[in-house]
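Peer 1: Would you mind keeping the following structure in view while I ask a few things?
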Amino acid sequence: MIVSNAGPLISFVRVNKLALLHKIFQKIAIPPAVHAELIQGFRKPGMSETGKLPWIEILSLESPEDINKLPHTLGDGEKEAILLARERRLPLLIDDLAARKAAIKEGVRIIGTLGVLIHAKEIGEIENLKEVLDEFLRHDFRLRRELYQKALQKVGEI
């Protein structure tokens, strides 16, 4: 199981790869604020499916008051996801750099969308990382060129 912020889920939905997350993690936990963000995103094509999947579980925080201890520049979904991952001692799927730094400071293990895709390639769930990354990029996923190149080098595609 892994905790996820809304951003990565939205990215995987946009490219019709949400099932890949299920294959890799079996279950994904999200806090209420992330669920609310996904509900707001239901107006976007494909987002409504996330609310109906039995392997995406909404979990409440044990100490919601700790949200005030995280940087005020983070969104509620990011804060709750960090706290949920910390409380449950689970890794966190998150892409936003400021949120990643805050999560690490809280002792949370993190992985991003790119890390998931690299892992998926390494275990044979995707055949061609470049094709999948290019699809993500066509759907507004942001990735620095040097990270794109490093990822392809890591999996032997360049």
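Peer 1: With a cut-off of at least 2 residues that are over 14 Å from the mean Cα position of the chain (by Cα), name the helices (runs of 4 or more DSSP H) lying wholly within the range 1-113. Outline the logic, then answer.
Peer 2: Values: elements: 6-14, 18-25, 32-40, 76-88, 97-105.
Helices (runs of 4 or more DSSP H) meeting the threshold: 32-40, 76-88, 97-105.
Peer 1: Output the qualifying pairs, or none if there are none: Cβ atoms under 8 angstrom, residues six or more apart or on different chains, first residue in the range 96-110 and closer than 17 Å to ILE67 by Cβ and assigned by TED's automatic domain parsing to the domain that holds PHE141, second residue part of a helix (DSSP H, G or I) and basic (Lys, Arg).
Peer 2: Pairs found: none.
Peer 1: List every residue pair whose Cβ atoms lie under 8 Å apart, where the two residues are 6 or more positions apart in sequence or sit on different chains, the first residue falls within the range 23-40 and is in the same structural domain as ILE94 (by TED's automatic domain parsing), and the second residue, located anywhere, is among the charged types (D, E, K, R) and exposed (fewer than 14 other Cβ atoms within 10 Å of the Cβ).
Peer 2: So the pair list comes out as LYS27/GLU57; ILE28/GLU57; ALA29/GLU57; ILE30/GLU57.
Peer 1: Let me ask something else. For ARG86, state whether it is buried (at least 17 other Cβ atoms within 10 Å of the Cβ) and either among the charged types (D, E, K, R) or at pLDDT below 95 (or both).
Peer 2: Working: buried (at least 17 other Cβ atoms within 10 Å of the Cβ): yes; either among the charged types (D, E, K, R) or at pLDDT below 95 (or both): yes.
Yes; evaluated as a whole, the condition is true for this residue.
Peer 1: I've got another one for you. Look at LEU117 and say whether it is of a type outside the set (S, T, N, Q), surrounded by 13 or more Cβ atoms within 10 Å (Cβ to Cβ), touching a Lys or Arg at 6+ places or on another chain (Cβ under 7 Å) and on the phi < 0 side of the Ramachandran plot.
Peer 2: Working: of a type outside the set (S, T, N, Q): yes; surrounded by 13 or more Cβ atoms within 10 Å (Cβ to Cβ): yes; touching a Lys or Arg at 6+ places or on another chain (Cβ under 7 Å): no; on the phi < 0 side of the Ramachandran plot: yes.
Criteria not met by LEU117.
Peer 1: Now for a separate question. Taking into account only those residues within the range 120-140 that are assigned to a loop (DSSP other than H, G, I, E, B) and charged (D, E, K, R), which is surrounded by the most Cβ atoms within 10 Å (Cβ to Cβ)?
Peer 2: Of the range 120-140, the ones assigned to a loop (DSSP other than H, G, I, E, B) are 123-128, 139-140.
With charged (D, E, K, R) added as a condition, the list becomes 125, 127, 140.
Details: GLU125: 16, GLU127: 9, ASP140: 9.
Result: GLU125.
Peer 1: Another question, if that's okay. Of the conditions (1) buried (at least 17 other Cβ atoms within 10 Å of the Cβ); (2) small (Gly, Ala, Ser); (3) at pLDDT below 95, GLY46 clears all except one; give me its number.
Peer 2: (1)
The values are calculated or read from the model by the stated rules, or taken from the named source; none is laboratory data. Model, not experiment: these values are computed from the prediction. Note: ideal-geometry Cβ built from the backbone for every residue, glycine included; neighbour counts use all protein chains shown.
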